[in-house]
Amino acid sequence: MLNAIRETRSVKDGLHSITLELPDKEYTFEDFNEDNAKKILEMYLSYHQDDGRPSDVKIHHNNSSHMVNITAHLHYLGNSKTEQRTYPSDVF
C-alpha cells in the first residue's frame, strides 16, 4: 500500500500541508473515515522517517476515478524524533 501512494506537499504562511493519493483498491480499511486516514498518514510518515505531526486530517473517496485522497496539515516545531518502525510486507 505505501508504495502505491503519491504525495504532494505545500507550505503556505509557514503551515505545511500534505496530500496522499492512492488507488482505492490499495486502501486496506473497510470504512473511509478520518481515523483510518490518520492511521495511514502516520504509518506513511513513520515509514519515511518524517517528524511531522498531522492535524486536520480529511479523507475523500472519488468513486469515478477509484482514488482516495488524504489531506492534512503537518507540524514540525517542538516534535520528538520519529523512531524507525518495521512493517509487514503486505503494507507495501
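A short reminder: the numbers here are calculations on the coordinates, not readings from a lab. In this text the structure is predicted, and so the values were computed from the model without any measurement. A quick note on method: Cβ atoms are made from the backbone with ideal geometry, for glycine too, and the neighbour counts reach across all protein chains shown.
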Enumerate by residue number the chymotrypsin sites (Phe, Trp or Tyr not before Pro) in the range 1-79 meeting two conditions: DSSP loop (anything except H, G, I, E, B), and at most 11 other Cβ atoms within 10 Å of the site's Cβ.
Tyr76
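Given the convex hull of the Cα atoms of the range 1-45, what is a quarter of its surface area in nm²?
Values: hull surface 13.7 nm².
Over all viewing directions, the range 1-45 projects a mean Cα-hull area of 3.4 nm².
Just want to confirm a number: the relative contact order over the range 2-80, from Cα pairs under 8 angstrom separated by 6+ residues, in percent. Write down the numbers at each step before the final one.
On the way: 125 pairs, mean separation 26.5, N = 79.
Once normalised by length, the contact order is 34 percent.
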Let me check the size of the range 2-80 from its C-alpha atoms; what are the radius of gyration and Dmax in Å?
12.4, 40
Out of Ile40, Ser64, Leu20, whose Cα points farthest toward the positive end of the dipole of the range 2-80 (charges: +1 Lys, Arg; -1 Asp, Glu; placed on Cβ)?
Leu20
